[in-house]
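Enquirer: One structure, pasted below without further comment.
Nothing in this text is a laboratory measurement; each read-out follows from the coordinates by a stated rule. The shown structure was predicted, so the numbers you read here are calculated from the model rather than taken from an experiment. We place every Cβ from the backbone using ideal geometry, glycine too, and count neighbours over all the protein chains shown.
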Amino acid sequence: MKNTYININKRQYKVPLKPIVVICIDGCDPEYLDIALQKNCIPTIENFMEIGSYNIADSVIPSFTNPNNMSIVTGCPPSVHGICGNYLLDPDSGQEVMMNDVKFLRAPTIFKSFQEINKKIGIITAKDKLRALLGAGLTINELNTKCFSSEKANSATLETNGIDNVERWLNMSIPDVYSSELSEFVFASGLKLLEEWFPDVMYLSTTDYIQHKYAPEDKEAIKFLTMIDNYLSEISKFDVTMVITADHGMSAKHNKNGDPQIVFIQDFLDEEFGTNSTNVILPITDPYVVHHGALGSYATIYFNEKRIYNEAFSKLKSLKGIDQICSKDEAVKRFDLPSDRIGEIVITSSEKITLGKTKSYHDLKSLKEPLRSHGGLSEQKVPFIVNKPINLSSVKDLKNYDAFFYACEASFN
């Protein structure tokens with residue numbers, strides 16, 4: 001059979017022979033799977049690894065939700081699609097804003113390209129912050145595209161989401177945004193879409209609430225993966241190709257006493273060079289701060305006083321807890337970032353450390369458990385699982401955003 005190809009963001013994809021399902025398990029560090037495998041709690045995933053394909057891939061830096069989800073669904077890095085954080089200093093307005101608006105997206109999604117060749121699209125995400133970006137450019141209606149979030153499923157409409165009355169349709173109530181059930185709602189919805197609507201291309205994206213709260217060996221983390229595995233077992237009964245990956249890993253960011261370990265970058269720079277000389281931006285910032293307190297492993301710094309740049313760079317480089325410090329040009333080249341949406345310096349912290357602005361900026365009282373977070377190189381490694389055999393071992397520099405490419409390839413196996 002002659003393959004038909006489609007060009008998406010300068011890469012050729014095979015038009016899948018059968019439906020494909022790509023799943024992003026938010027915050028799924030490979031260690032979570034390793035522990036669950038040892039406990040024999042994820043037999044479906046284990047089976048995929050044995051009869052299908054498994055490797056470790058890199059997420060994009062910063063290893064945050066928005067940049068990686070958009071990399072996965074565009075098949076390219078932030079330098080191309082433009083989404084380089086959950087939060088940014090908008091170069092056009094000069095304002096610090098959430099990076100959820102479709103206006104920030106610079107590349108079409110894979111979904112748009114497949115919709116243009118009359119493929120049915122199903123997109124379900126846990127948090128609504130991603131929903132508009134995932135559905136960017138799509139013609140949404142109940143016939144060809146359904147795109148909704150667990151968080152806002154109760155307000156979904158046919159015009160905006162391609163579906164309404166989701167709670168009644170699924171026979172599940174909308175869960176609390178800070179719960180594992182928010183992710184279960186995603187899987188339950190995806191399974192029901194397969195049963196009733198059978199989309200050609202489906203994307204499921206969860207929340208990392210559990211991974212922020214619980215270490216891989218904790219009962220709640222094992223229970224969460226067991227739930228996912230049960231849904232994967234049901235989904236696998238359909239004749240679909242599945243790729244399972246993650247947007248980032250997760251690291252413990254606390255000491256032996258459970259206290260968060262933080263380097264307050266803005267406090268440091270203010271003390272050294274005076275207030276208002278610099279502006280530290282934390283791109284992990286989003287509305288859901290209960291589980292991470294806007295503390296991650298990546299920061300970018302803007303200089304209001306250019307003359308202090310060299311001295312600041314030198315002093316920051318020697319600061320305990322800093323893993324990497326790059327000039328803008330270095331960061332653009334090394335991390336494939338858009339140069340107009342980062343500051344003059346990019347910093348990542350070491351595995352056990354997070355980066356903060358000032359002590360007064362962060363509400364640490366909201367953290368109920370010892371801090372776990374992500375954003376840097378130490379949280380870049382993620383699992384990459386295909387339920388069908390395909391040679392991933394020979395792939396150099398495998399990225400999580402190769403997910404749809406290999407889903408399309410494996411659909412012919």
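Enquirer: Of the residues P30, P19, P389, which exhibits the maximal mean-square fluctuation in a Gaussian network model of the chain defined by a 10 Å Cα contact cut-off?
Expert: Judging by the Gaussian network model, the answer is P389.
Enquirer: For T354, T65, T275, which order do you get if you count the other beta carbons within 10 Å of each Cβ and list the fewest first?
Expert: Lowest to highest Cβ neighbour count: T275, T65, T354.
Enquirer: Residue by residue through the range 164-170, what is 3J(HN,Hα) from phi via Karplus (6.51 cos²θ - 1.76 cosθ + 1.60, θ = phi - 60°)? Round to whole Hz and write x for glycine and proline.
Expert: The phi angles translate into 9, 6, 5, 4, 5, 4, 8 Hz.
Enquirer: Right, another one. Rank-order 341-353, 171-183 by packing density, defined as the average count of other C-beta atoms within 10 Å over each peptide's residues, highest first.
Expert: Order by mean packing, descending: 341-353, 171-183.
Enquirer: F264's amide H: which non-local residues (gap 5+, or another chain) put their own amide H closer than 5 Å, with H modeled 1.01 Å from N in plane and none for Pro or chain starts?
Expert: So F264 has HN proximity to G356.
Enquirer: Students often check this: by mean Cβ neighbours within 10 Å, which of 156-169, 204-217 ranks highest, and how do the rest follow?
Expert: Result, highest mean Cβ count within 10 Å first: 204-217, 156-169.
Enquirer: OK, next. Under 1.5 on a/c is rounded, so check that first for the chain, then, if it is not, pick prolate when a/b is larger than b/c and oblate when it is not; a ≥ b ≥ c are the square roots of the alpha carbon gyration tensor eigenvalues.
Expert: prolate
Enquirer: Output the relative contact order of the chain, whole-number percent, from Cα pairs under 8 angstrom with separation of 6+ residues.
Expert: Worked out over the chain, it gives 28 percent.
Enquirer: Apply the Karplus curve 6.51 cos²θ - 1.76 cosθ + 1.60, θ = phi - 60°, to the phi angles in the range 83-91 and return the couplings in whole Hz, x for Gly and Pro.
Expert: Values, residue by residue: 8, 10, x, 7, 8, 8, 8, 5, x Hz.
Enquirer: Which of the chymotrypsin sites (Phe, Trp or Tyr not before Pro) across the range 263-364 are loop residues per DSSP, with 12 or fewer other Cβ within 10 Å?
Expert: Answer by residue number: there is no such site.
Enquirer: Along the charge dipole of the chain, Cβ charges K/R +1 and D/E -1, which of T109, N413, T139 sits furthest on the positive end?
Expert: Value computed over the given set: N413.
Enquirer: In addition: Using only the Cα atoms of the range 309-357, what do you get for the radius of gyration and for Dmax, in Å?
Expert: Calculated on Cα positions, Rg and Dmax stand at 11.0, 30 Å.
Enquirer: Here is a follow-up. To the nearest 500 deg cm²/dmol, what mean residue ellipticity at 222 nm is calculated for the chain from DSSP H runs of n ≥ 4 alone, each contributing -39,500 (n - 2.57), summed and divided by the residues?
Expert: After summing the helix terms and dividing by the residues of the chain, the value is -8000 deg cm²/dmol.
Enquirer: Pairs of alpha-carbon atoms within less than 8 angstrom and 6+ residues apart define the contacts here; what relative contact order does the range 136-204 have, in percent?
Expert: 23 percent
Enquirer: Once R0 is set to 60 Å, what does the formula 1/(1 + (r/R0)^6) return for the Cβ-Cβ distance between N7 and K365, expressed as a FRET efficiency to the nearest 0.05?
Expert: 0.75
Enquirer: Still on this structure, please answer the following. Roughly how many debye, to the nearest 20, is the charge dipole of the chain about its Cα centre, given +1 on each Lys and Arg Cβ, -1 on each Asp and Glu Cβ, and no other charges?
Expert: 700 debye
Enquirer: Tell me, Kirkwood radius of the range 262-373 from alpha-carbon pair distances, in Å?
Expert: Averaging 1/r across every pair of different Cα atoms and inverting gives 14.4 Å.
Enquirer: If I model a spin label as a point 7 Å beyond the Cα along the Cα-Cβ vector, how far apart are those points for K352 and N154 in nm?
Expert: Modelled inter-label distance: 4.3 nm.
Enquirer: While we're here: Would you mind ranking I385, I325 by Cβ crowding within 10 Å, fewest neighbours first?
Expert: Going from sparsest to densest Cβ surroundings: I325, I385.
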